[in-house]
Amino acid sequence: MLKEKIKEKARAYKADFIAARRYLHSHPELSYEEKETSLFVQNALKQWGIPFETMAETGVVGLIKGKNPDARIIALRADMDALPIEEQNDIDFSSQNKGVMHACGHDVHTTCLLGAARILSELKEEWEGTVKLIFQPGEEKNPGGASLMIQAGVLDNPRPQGIFGLHVHPLLPAGKLSFREGKCMASADELYFTIKGKGGHAAQPDLTVDTILAAAQLVVNLQQVISRNRNPFSPSVLSICSFQGGFTTNVIPSEVSLKGTFRAMDEKWRFRAHELVKDEASGTALATGAAIETLVDVGYPSVDNNPELTKTGRSIAEGYLGAENVEETELRMGAEDFGYYTQAIPGCFFRLGVRNEEKGYVNNVHTPTFMVDENAIEIGMGVMALLGATATV
Ligand SMILES: [Zn+2]
Ligand SMILES: [Zn+2]
């Protein structure tokens with residue numbers, strides 16, 4: 001049975017791929033600079049005789065044909081970039097690239113996809129269709145490697161009927177997976193405001209435009225955009241996270257800047273909210289006499305898991321791991337550029353548990369002490385292989 005053969009290979013190659021993950025972990029590269037990582041992936045595919053092309057500079061796209069290659073086409077995706085974080089883990093494979101760390105587990109994602117590639121290629125007489133392997137750059141940084149890969153044609157020739165991606169999950173114990181149908185992660189847009197006015201003596205506000213007060217009012221007014229306009233059943237968050245202006249006790253500054261993020265689960269509301277944010281800034285400018293420049297930097301769309309593909313993926317995962325080890329992913333307001341794929345074709349973004357309380361691997365992603373239980377790699381590569389070999393849309 002194909003499932004058993006995949007399991008056997010995942011077990012047999014576990015140590016090799018843990019070693020591969022440790023190499024990647026110790027050689028992290030920032031978004032769009034994944035040169036060594038890309039070469040590592042290319043060399044591995046070459047070694048296993050898997051044809052590939054490069055795309056969007058450091059991206060790698062491989063193709064594995066099973067029997068009857070046109071019967072079905074499934075894409076499997078991994079991201080390869082690391083974060084500008086200084087690693088604080090005391091391990092013998094810690095980051096050798098100062099100030100850069102695989103703190104979001106993309107080393108694990110790349111490893112799991114490599115493992116799946118090797119297994120699928122060795123068993124290609126045993127399954128039908130074609131699997132497209134997508135190793136993408138730049139998940140952590142706008143405009144998102146996924147959008148660049150799609151522009152470069154990653155979803156054409158051949159066009160996959162569905163795409164799967166996995167992400168490590170620090171809250172889910174190693175040994176488990178989780179899935180969620182429909183919207184599961186938010187869109188994320190960056191907000192920038194510059195509030196300008198005639199500064200001056202703090203004792204003579206009547207001769208100035210109080211940019212601090214105008215900015216403060218804008219922060220408050222922006223919260224009303226969300227609370228009074230969004231559908232209460234559709235999660236949405238606006239947070240102003242930087243408020244900078246002024247330098248002393250008795251001078252009203254001539255400029256204040258605000259930065260923040262806007263998250264949503266509904267694309268229609270998302271773009272309406274952008275207009276409301278701009279209107280709120282114009283209104284505050286009118287009321288206070290300040291000039292307000294607004295920039296909404298549009299980021300990743302929400303991740304919208306196709307219900308049918310997710311049902312299929314979940315039942316394949318349950319068959320592989322046992323239903324007791326597959327859970328429902330909770331809704332999160334984090335963002336992922338996998339959302340671009342789910343806008344284009346049916347997609348399923350699921351979670352790989354990497355938590356281990358006994359070993360103390362409990363810290364969140366994007367922290368300098370993030371660690372994963374490497375036993376999860378055997379599961380990640382096996383499940384990715386089985387999804388690639390058997391999922392249908
Ligand atoms: Zn991340
Ligand atoms: Zn990530």
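The values are calculated or read from the model by the stated rules, or taken from the named source; none is laboratory data. This one's a predicted model, so the numbers in the text were calculated from it and none came from an experiment. So basically every Cβ, Gly included, is an ideal-geometry build from the backbone, and we count neighbours across all protein chains shown. Accessible surface is based on the protein model in full, side chains and every heavy atom, while ligands, DNA and RNA are left aside. Shrake-Rupley method; radii C 1.70, N 1.55, O 1.52, S 1.80 Å.
Relative to the Cα centre, the charge distribution of the chain, modelled as +1 at Lys and Arg Cβ and -1 at Asp and Glu Cβ, gives a dipole magnitude of about 700 debye.
Full extension of the segment from Val362 to Leu207, taken as 0.36 nm per residue of separation minus the current Cα-Cα distance, would add 50.3 nm. Qualifying trypsin sites (Lys or Arg not before Pro) in the stretch 73-147, where qualification requires a DSSP coil assignment and no more than 12 other C-beta atoms within 10 Å, comprise Lys98. Rounded to the nearest 10 square angstrom, Cys241 shows an accessible area of 100 square angstrom against a 1.4 Å probe. From the alpha carbon centroid of the stretch 119-183 to that of the stretch 349-393 is 14 Å. The Rg/Rh ratio of the stretch 93-221, with both radii computed over alpha carbons and Rh defined as the Kirkwood radius, is 1.20. Averaging 1/r across all pairs of distinct Cα atoms in the stretch 271-393 and inverting the result yields a Kirkwood radius of 18.1 Å.
Applying a length cut-off of 27 Å (Cα extent along the axis) and a mean Kyte-Doolittle floor of -1.0 to the DSSP H helices of the chain leaves 267-288. Compare the Cα positions of Tyr320, Gly153, Pro173 along the charge dipole of the chain (+1 at Cβ of Lys, Arg; -1 at Cβ of Asp, Glu; about the Cα centre) and return the one farthest towards the positive end. Farthest along the dipole direction, towards plus: Tyr320.
For labels at Glu255 and Glu57 in the simple 7 Å Cα→Cβ model, what's the distance in nm? Here the answer is 2.8 nm between the modelled labels.
Enumerate the whole-percent occupancy of each 10 Å bin, from 0 to the last occupied one, for all C-alpha pair distances of the chain. Histogram of Cα-Cα distances, whole percents per bin: 5, 22, 28, 21, 13, 7, 3, 1, 0. Please say if the stretch 1-149 is rounded, prolate or oblate, where rounded means a/c under 1.5 for a ≥ b ≥ c the square roots of the C-alpha gyration tensor eigenvalues, and otherwise the choice is prolate for a/b larger than b/c and oblate otherwise? Oblate. Think of the stretch 256-329 as a dipole: +1 on every Lys or Arg Cβ, -1 on every Asp or Glu Cβ, centred on the Cα centre; then among Thr284, Gly299, Trp269, Thr284 lies furthest on the positive end. Calculated FRET efficiency, Glu293 to Gln88, Cβ-Cβ distance, R0 = 56 Å: about 0.90 to the nearest 0.05.
Sorting the segments 327-339, 246-258 by their mean number of nearby beta carbons within 10 angstrom, highest to lowest, gives 327-339, 246-258. In this structure, the residue pairs whose Cα-Cα separation is over 20 Å, taken from Lys46/Lys98; Lys3/Lys311; Lys35/Lys259; Lys67/Lys132; Lys5/Lys46; Lys9/Lys311, are Lys46/Lys98; Lys35/Lys259; Lys5/Lys46; Lys9/Lys311.
Segment Glu36..Ala323, full-extension length gain: 99.5 nm, with 0.36 nm per residue of separation and the alpha-carbon distance subtracted.
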